[in-house]
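Report on one structure; see the data block that follows.
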Amino acid sequence: MEFDFSEDYRLLADQLRRALEEAAPLEAARKTVDTGQINVTAWELLGEMGILASGISTDFGGNGLGPLPVCLAAEAIGWSVAAIPTASLYHATPLIQSCGSPEQQDRWLPALASGSATACVATDSALAVEDDHITGVISPVSGGTGASVAIVRANNQLWLVDMAENAVEQEALESRDPGRQLCRITFRNTPATRMTGDDADLALNHAVVCVAFEQIGGASRALNGAIDYSRERRAFGQTIGSYQAIKHKLADIWTKIEIARAHAMYAAWSLGTGAVDLPLAAAAARASATEAYLFAAQETLQVHGGYGFTFESDSHLFYRRARALAACYGPAVEWRSRLAARLIAGETTKH
Amino acid sequence: MDFADSPIDAQFRAQAREWLAAHAPVTRGRGRVAWPDDATLVAAAREWQSKKAAAGYAAIALPREYGGGGGTTTQQIIFRQEEERYDVPFGVYEIGLGMCVPTLLALGSDKVKERFVARAISGAEIWCQLFSEPAAGSDLAALRTKAVKTGENWLVDGQKVWTTGAQFSDYGLLLARTDSSATKHAGLTLFIIDMRAPGVEVRPIRQLDGGVEFNEVFLSGVMIPDEFRLTVPGGGWAGAMTTLMFERLNVGANIGLIDSSTLIDISRRLETSTGRASDDPHVRDIIAQAYLNDRGLKLLTYRTLTNLGRGQLPGPEQSITKLVIASQAQLIANLLLDLRGQEGALVGSALGDGWEAVERSWSFGAAMRIAGGTDEILRNVIAERVLGLPAAKRDDTTRPFNEDAA
C-alpha cells in the first residue's frame, strides 16, 4: 500500500509551494482585487517549472509527464491564491490534447506548453454554426480575457476559435474574485475549426480534479492563517485558540480538508492511470473539496472576528476564491446529484 | 501510488484468506450475528481465539515469545479485513489484546509478562479495562477509586463504570488514586486487578437500546498484591496514556454502524408515499454526503496503512474516523426511519430484513459518539495535538486533589 505521491512528486509539491509563495504572495492577491491583473510572474514560473507542458505529449512541445504535476501545481496555486488563468492549464490544454485535430494540436499545444498562449473553454455553450463560422454569445467565461484561443460548443460539437480573428469581441465582467477573470465573448460569423474528438468528459474530469487540489490548497492556507491568529489573539484573558468554540470549529475544518484531500488524491491516481472509475472519483473529489473550501473560507473568516471582514485581512481572499471555484464547472449540488446517481446505479471505485 | 499489498503482505493475506476459509464458521451477512447470551458468546469466542492462537493469528503484531504472531501492525490489519468477512464472535478479546496486553508488555515486570501475556493471547484469560468512573469520564484524572498500601498489598475501594466485558473478564487494568494529597494527575497508579477477587461486584447497566454490554464495577476492600502494580506509585497517568495510545492502532475496525452502502441499499428498495426513496432529491443528497464521508475515511485508512508501511505509528489524526462515522450513522438511521413514516416508531425487528442494523445505528450511534473519547474530546485532541492550539487554561491541575475534590 502506497497511497501517496512519490517522493519526487512530494519534493516537487514543496518546490511549487515555495516558488509560488515568493512569486505570488498574499499581498499580491490583495492588490489583484483592485487591479484584476494576472500575475504574469507566477504564470511564467509555472512555464519554467514545466507545469504548463506536463499535460502535453512530447510530439507537441510538452514533457508528457501527465496530470499529476498539474494537480500539485493546482494545490500551490490555491495556497497562494494566485491570479493566473488556470482554465487554460486545467481544462483547455487537456481538451486540445485529447480532442484536437493534429493541425489544431500542432498550432496550439507548443504555445500552451511554453505559456506564450492561453486558452479558454465554454463546452456548455450552444452557439450557432454555419459553414464553419460561429455566431453567438458565451458568458461568463473563465480565463477568457486575453485568451489566444477559445473552445466552444456549437451544433453539439466542439469548435476551436482563434481569438485573434476580427469578428470576436471580448468584454470583461465584474467578478467577485478579480483574480479569476470572467468575460463575455461575442462571435459574429467568426471562423472556427471543428475538433475531431468529442469526448469532452475526460478533460472536464481533469479540470475538476485540478480544481479540487486548488480548493484544498486554499482551504489549508485559510486554516493555517486562522490557527496562527487564534494562537495570538487574546480575549477574556486567554488566547482565543484555547477556547473550545474556536478549537472545535478549526477541528471541523481540518476534518473536512483531510477527507477532501483523500478524495482528491484518489481521483488524481484514477486520472493518472486512466482508471475506469474516474467519473465517480472526480465527482467525489469535486463535491468534497468544494464543501471543504467554502466551509473553511467562511469559518476561518469568523475566527478572525471583525478583522476578518476588513480588506486588510487575508480572509476575504479565501472567501472570494472559494466562491469563484465553487462556481466553475457546475455547482456542488449538481456534482453531488451526479455522484448519487452513479452510486444508486451501483458504480464502485476500483480500490 | 500503489494500492497493492507488498509481496510479503500479499502472501500473508493469501494465507490468512485460505486459513479463514477453512476454519471460520459462517460467511458474514448483513449485520452481526446476535449471540443469545454471554455464556454462548464467550464459549464461541474462546473456541475461535484458541484456533487463531494455534495458527499464530491471535495477536499478530505481538512478540512470538509470548504466543503472538511476531508480525507487523499492517498484517494485523490485513487479517482483520479478512476476518470481517465472517460471522465470528467479536467483542470478547479486543480490549484485552488491543489495549491491556500491549500495556503489560510495555510496563509489566518479566514476572507479570510471563504470568499473563501468553494466557491472554491463547484466550484462556479475558481482560477488561477499569478506567472511567461516574464522576470521571472525559475528565479521567478526576477518578476517586482509592488504593491504599497495607503491607505488601493494596486495598482498593471505589466504583468504576462503562466497563465493557467486566461480567466475563478474568483480569482488568485498574487506574486508581494512591495519593489524594498529590495533584490530580500525579496521584494515580496503574494496577492489574483480579476480577474474581473478593470485593469485586459487577452489575450490568441496562442501556438505552435495551442491551447490557457495559457494567458498573463496585470495588470494596479488594486486595491487590504489590507485584500487580504496573507503574510506580503516582505514575499511573502516563501508564493509562500508554494504554489509550494502543487504542489508536485499532485502525479500520468496523464499529458495526451503518454507512452509505446501507442507505443506498435500503432506499433503492423502499417505496414511500411519494415514490421510491432513492429517487428523492433529499435522500440522494444525503447518499452523496454520506458516501463522501465513509469513502473518505476508507481512503484515510489507506493513508494510515501507507504510513505504517514506512514505520510510522498512527497519530492523533486517527481520531477522525469515529468522530465522522458515529454521528453520520445517527443521521442515516434517522433519515431511513423517517422514510417509514409512523412505522419508523416501531422497533427494528418489526420493520423487516435489514432494519435491525438501522435501529442499532439509531441507538448505538449515540453510544459510539461518547465511548472511547466523546466527539468533543476528539475535537480537542485534533485541535491541540494536530493543529497545535493551546490547551484550555484550567485550575484543577496544580492543587492537591483532595482540595479540588472537596
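Observations
- Residues satisfying the stated conditions in segment B:330-364, i.e. farther than 16 Å from B:Asp259 by Cα and among the hydroxyl-bearing types (Ser, Thr, Tyr): B:Ser349
- From the list A:Gly274, A:Gly305, the lone residue that is out of contact with any helix residue (DSSP H, G or I) (no Cβ under 6 Å at 6 or more places or on another chain), within 14 Å of another protein chain (Cβ to nearest Cβ), surrounded by fewer than 22 Cβ atoms within 10 Å (Cβ to Cβ) and small (Gly, Ala, Ser) is A:Gly274.
- Any hit, segment B:78-97, residues being within 19 Å of B:Leu230 (Cβ to Cβ), of a type outside the set (Asp, Glu), touching a strand residue (DSSP E or B) at 6+ places or on another chain (Cβ under 7 Å) and not assigned by the TED database to the domain that holds B:Gln159: yes
- Search result, residues across segment B:111-133 that are free of Cβ contacts under 8 Å to residues at least 60 places away in the same chain, in a loop (DSSP other than H, G, I, E, B) and closer than 15 Å to B:Glu216 by Cβ: B:Ser132
- Cross-chain or 6+ apart pairs with Cβ under 6 Å, segment B:292-316 first and more than 17 Å from B:Arg248 (Cβ to Cβ), then of a type outside the set (Gly, Ala, Ser): B:Asn293/B:Val324; B:Asn293/B:Gln328; B:Asp294/B:Asp259; B:Gly296/A:Ile259; B:Gly296/A:His263; B:Leu299/A:Tyr266
- Complete set of residues in segment A:92-114 that are surrounded by fewer than 20 Cβ atoms within 10 Å (Cβ to Cβ) and in a loop (DSSP other than H, G, I, E, B): A:Ser101
- Test: residue in segment B:268-287 that is in a helix (DSSP H, G or I) and either away from every other protein chain (no Cβ under 11 Å) or under 30 Å from B:Leu104 (Cα atoms) (or both): yes
- For segment B:358-372, the criterion of being open to solvent by less than 50 Å² (accessible area, probe 1.4 Å) and without any contact (Cβ under 8 Å) to a residue 60 or more places away in the chain is met by none of the residues.
- Among the residues of segment A:277-302, those identified as within 11 Å of chain B (Cβ to nearest Cβ) and aliphatic (A, V, I, L, M) are A:Leu280, A:Ala281, A:Ala283, A:Ala284, A:Ala285, A:Ala287, A:Ala289, A:Ala292.
- Among the residues of segment A:308-323, those that are among the hydroxyl-bearing types (Ser, Thr, Tyr) and open to solvent by less than 20 Å² (accessible area, probe 1.4 Å) comprise A:Ser313, A:Ser315.
- Residue match in segment A:249-268 (condition: farther than 28 Å from A:Met1 by Cα and either at pLDDT 95 or above or open to solvent by less than 10 Å² (accessible area, probe 1.4 Å) (or both)): yes
- The one condition from (1) surrounded by fewer than 16 Cβ atoms within 10 Å (Cβ to Cβ); (2) more than 14 Å from every other protein chain (Cβ to nearest Cβ); (3) more than 22 Å from the chain's Cα centre (by Cα) that B:Met241 does not meet is (3).
- Of all the criteria given as (1) in contact (Cβ under 8 Å) with a residue 24 or more places away in the chain; (2) open to solvent by less than 20 Å² (accessible area, probe 1.4 Å); (3) under 19 Å from A:Ala345 (Cβ atoms), the one not satisfied by B:Ala288 is (1).
- Within segment A:228-251, the set of residues being within 7 Å of another protein chain (Cβ to nearest Cβ) and charged (D, E, K, R) comprises A:Arg231, A:Lys247.
- Residues located in segment B:126-143, provided they are surrounded by fewer than 17 Cβ atoms within 10 Å (Cβ to Cβ) and not small (Gly, Ala, Ser): B:Pro134, B:Asp139
- Given (1) open to solvent by less than 40 Å² (accessible area, probe 1.4 Å); (2) over 25 Å from the mean Cα position of the chain (by Cα), index of the condition B:Thr304 fails: (2)
- Segment B:321-338 - residue that is of a type in the set (Val, Ile, Thr) and closer than 11 Å to B:Ser361 by Cβ and, of those, nearest to the other protein chains (Cβ to nearest Cβ): B:Ile325
- Pairs are defined by a Cβ separation below 7 Å, a sequence spacing of at least 6 or placement on different chains, a first member in segment B:60-78 that is of a type in the set (Phe, Trp, Tyr), and a second member that is open to solvent by less than 20 Å² (accessible area, probe 1.4 Å); the pairs so defined are B:Tyr66/B:Val117; B:Tyr66/B:Ile121.
- Here the condition is being farther than 20 Å from B:Glu247 by Cβ and surrounded by fewer than 23 Cβ atoms within 10 Å (Cβ to Cβ); of B:Ala106, B:Ala53, it holds for B:Ala53 alone.
- Taken over segment B:201-251, the criterion of being of a type outside the set (A, V, I, L, M), part of a loop (DSSP other than H, G, I, E, B) and closer than 18 Å to B:Val92 by Cα is satisfied by B:Gly211, B:Glu213, B:Phe214, B:Asn250.
- Note on segment A:115-192: enclosed strands (runs of 3 or more DSSP E) holding 1 or more residues that are surrounded by 20 or more Cβ atoms within 10 Å (Cβ to Cβ) are A:119-130, A:133-142, A:149-154, A:157-162, A:182-191.
- Qualifying residue in segment B:325-334 (condition: within 24 Å of B:Leu143 (Cα to Cα), part of a helix (DSSP H, G or I) and open to solvent by 60 Å² or more (accessible area, probe 1.4 Å)): no
- Selection count where residues are over 26 Å from the mean Cα position of the chain (by Cα) and buried (at least 21 other Cβ atoms within 10 Å of the Cβ), scope segment B:225-238: 0
- Of the residues making up segment A:206-227, at least one is over 21 Å from A:Pro331 (Cβ atoms), open to solvent by less than 40 Å² (accessible area, probe 1.4 Å) and at the interface with chain B (Cβ under 9 Å from one of its Cβ atoms).
The values are calculated or read from the model by the stated rules, or taken from the named source; none is laboratory data. Keep in mind it's a predicted model, so treat the numbers as computed, not measured. Every residue, glycine as well, gets a Cβ built from its backbone with ideal geometry; the counts of neighbours run over all protein chains shown. All accessible areas refer to the heavy atoms of the entire protein, side chains included, with ligands and DNA or RNA removed. Shrake-Rupley method; radii C 1.70, N 1.55, O 1.52, S 1.80 Å.
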